[in-house]
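Data block below; observations after.
The values are calculated or read from the model by the stated rules, or taken from the named source; none is laboratory data. The model shown is predicted, which means the values in this text are computed figures rather than measured ones. Here the Cβ positions follow ideal geometry from the backbone for every residue, glycine too, while neighbour counts run over all protein chains shown.
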Amino acid sequence: MKKKMISAVLALAMLGSLTACGSTGKEADAAKDGAKADETVKLKILTEFDPQTLGEEYLTTFDEVADELGYEIDVERVDTETYKTKIRVALQGNELPDIFFTWGDSYTQPFLDAKALYPIDDALKEFDAELYPAYAVPYEDGHMYTVPHQANGTYMTFYNKKVFENLGMDVPTNWDELLAVVDKCNEQGIYALGLGNKDRWEGDLFYNEMVLREDTDAYNRAMDGDGAFTDEAFKNAAEKVETLVEKGAFQKGYMQATTSEVIEMFRADQIAMYPVGSWMLSTMIEGDLADKTGYMMFPATGAAEEVETATTCMSGSLSQGLVASASSQFPEEAAKFIVRYGQKINDINVKKGNVGFMETDVKPEGEVHEILQQYEKDFKNYKVMQTWWFSLVDAKIGEPMRDLSHQQFAGQIEVDDFLTELNTIMKQ
């Protein structure tokens, strides 16, 4: 699969035609365009949005937008694995719903290659909706197709201010400094890094980030066939993981630890740094953690340049979110629906103090923590956003990959054997 996105610089230039206003109330006029005035717009929506995880508003907002635009909708929600199968079958049978969800990057690629998606450019203009630059990178044809449903979850490293004060050290910015922190923590009987690897995903994401620090394009080359998962970037990253395991960088019992258990050790000043994800931000800045938690960039552990503008995340250059089917009876209306839905969901999140994904006049309610303010600034500056590998592959690949990762962090497999098996799994 060759890259099919134009450069971020060009993408930003193309955004100059969009006006930054957020939600402006043009929905009534915009909704009248496209379908005939006497024709009822009926849209089928397929999603895997979980209200227990995202919030009930992610489902109720579908109805709100439908009422606002005067459309009829039929929403079907299924679990994630069922969804992956169902949407692939629908693509193959040319029976895609009018609106559906995609995880971005290589998961979106088959839909783009099949010309199955309807562009959202005109709908963005009609609603004066401007996506943040990280989400507004067009496809090779110059069009955008995806409206995010939430701010992209990224890798995010928290540090314990009290621990670093006691260590008498600054947070590490590179590999050597990270090792120095590991050694100092070992001397004081605490742990440099927290890892809740019971469910395997925290170790998996850690290795993804380490590879990105070696070479920001390594994964894409390996998947495109221009490289392999045995290449230097993967090897260097695996060797550094091995070094951290051997030096006792992670807390005792990390292979069976849960995220909540790591947080408790962080709270007890037993862990210096916890690399996890931005979805943990609200937890890490509430209550007694608010004053002791700091936020840092994951150290530049490898040879990649400009790592302060690169991160691993839930979805990369082709963002995850809602898309409109080109084969819909009402493609323009479907595009308008997802843009308006995106505006409303964005405003809900921003009002709560969460990071948004498009410009808006809505302001957070109450005081915003300094970490959230800094993270949002950093987020807007990201130029490279590599999707977590597990998000890009089917379960038949992703599950064995995470089983292998679990062996890696348990120190149960040699680096060369790990790379060989990883390459075999990923190249299925």
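Every residue in the range 218-249 that is among the hydroxyl-bearing types (S, T, Y) and part of a helix (DSSP H, G or I), please.
Residues of the range 218-249 among the hydroxyl-bearing types (S, T, Y): 219, 230, 243.
Within the range 218-249, Y219, T243 qualify.
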Seminar exercise, completed: A180: passes all of (1) of a type outside the set (D, E, K, R); (2) surrounded by fewer than 22 Cβ atoms within 10 Å (Cβ to Cβ); (3) within 20 Å of W103 (Cα to Cα) but (3)
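Working carefully through the options E376, E414, E370, E421, find the one that is of a type in the set (D, E) and under 16 Å from A134 (Cβ atoms).
Working: E414 fails: under 16 Å from A134 (Cβ atoms); E370 fails: under 16 Å from A134 (Cβ atoms); E421 fails: under 16 Å from A134 (Cβ atoms).
Unique residue meeting the criteria: E376.
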Seminar exercise, completed: Flagged in the range 141-172 as among the acidic types (D, E) and assigned by TED's automatic domain parsing to the domain that holds S278, in numbering order, are E165, D170
Seminar exercise, completed: Within the range 378-428, the residues that are polar (S, T, N, Q) and under 22 Å from the mean Cα position of the chain (by Cα) are N381, Q386, T387, S391, S405
Exercise. So, of the residues in the range 384-412 that are without any contact (Cβ under 8 Å) to a residue 60 or more places away in the chain and part of a helix (DSSP H, G or I), which turns out to be nearest to G153 (Cα to Cα)?
Worked result: G398
For this session: Can you work out which of the residues in the range 80-109 that are at pLDDT below 90 and of a type in the set (D, E, K, R) is nearest to the chain's Cα centre (by Cα)?
Result: D105
Exercise. Of all residues in the range 184-195 being surrounded by 14 or more Cβ atoms within 10 Å (Cβ to Cβ) and of a type outside the set (A, V, I, L, M, F, W, C), which is nearest to the chain's Cα centre (by Cα)?
Worked result: G194
For this session: Report, by residue number, each residue of the range 57-92 that is loosely packed, with under 15 Cβ neighbours inside 10 Å and either of a type in the set (S, T, Y) or not assigned by TED's automatic domain parsing to the domain that holds Y341 (or both).
Result: T60, T80, T82, T85
For this session: Return a yes/no flag: does the range 322-335 have any residue that is modelled with pLDDT of 95 or more, assigned to a strand (DSSP E or B), of a type outside the set (D, E, K, R) and within 19 Å of the chain's Cα centre (by Cα).
Result: yes
